[in-house]
Amino acid sequence: YQYLSRYKKKENLDQFTFHPGNIKGAEKECLGCLMEFCGRRDPSWTELSNFTRFLNFQLRKCEQSVFCSSVVGREFHGF
């Protein structure tokens, strides 16, 4: 949700890193955002669950990648 809400506001995601326990937004906002980006008109709970698991997996890999580090980001904006 933290990435999606910032993406929706067209904020720069290059410098953002998720920190567990640092929760922002209400549950209703989170659910609405997830449903908007899920890609289904009326997703089931299973579809939302699969979407969030896949998104979290991809974002963790991205955060751990040397290519997405802040050092590379300064040299290659948006890389």
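The values are calculated or read from the model by the stated rules, or taken from the named source; none is laboratory data. Predicted model only: the values in this text are computed from it and were never measured. Cβ placement follows ideal geometry from the backbone for every residue including glycine, while neighbour counts extend to all protein chains displayed. The area values use the complete protein model at the heavy-atom level, side chains included, leaving out ligands, DNA and RNA. Shrake-Rupley method; radii C 1.70, N 1.55, O 1.52, S 1.80 Å.
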For the range 4-49, the per residue accessible area (1.4 Å probe, Å²) is 83
Within the range 22-66, DSSP-loop trypsin sites (Lys or Arg not before Pro) with at most 15 other C-beta atoms within 10 Å are LYS24, ARG40, ARG41
On the accessible surface of the range 1-65, probed at 1.4 Å with all protein chains in place, carbon and sulfur together account for a percent value of 53
Ranking THR52, THR17 from most to least accessible area with a 1.4 Å probe gives THR17, THR52
Against the 2.2 N^0.38 Å rule of thumb, the C-alpha Rg of the range 1-51 sits at a ratio of 1.20
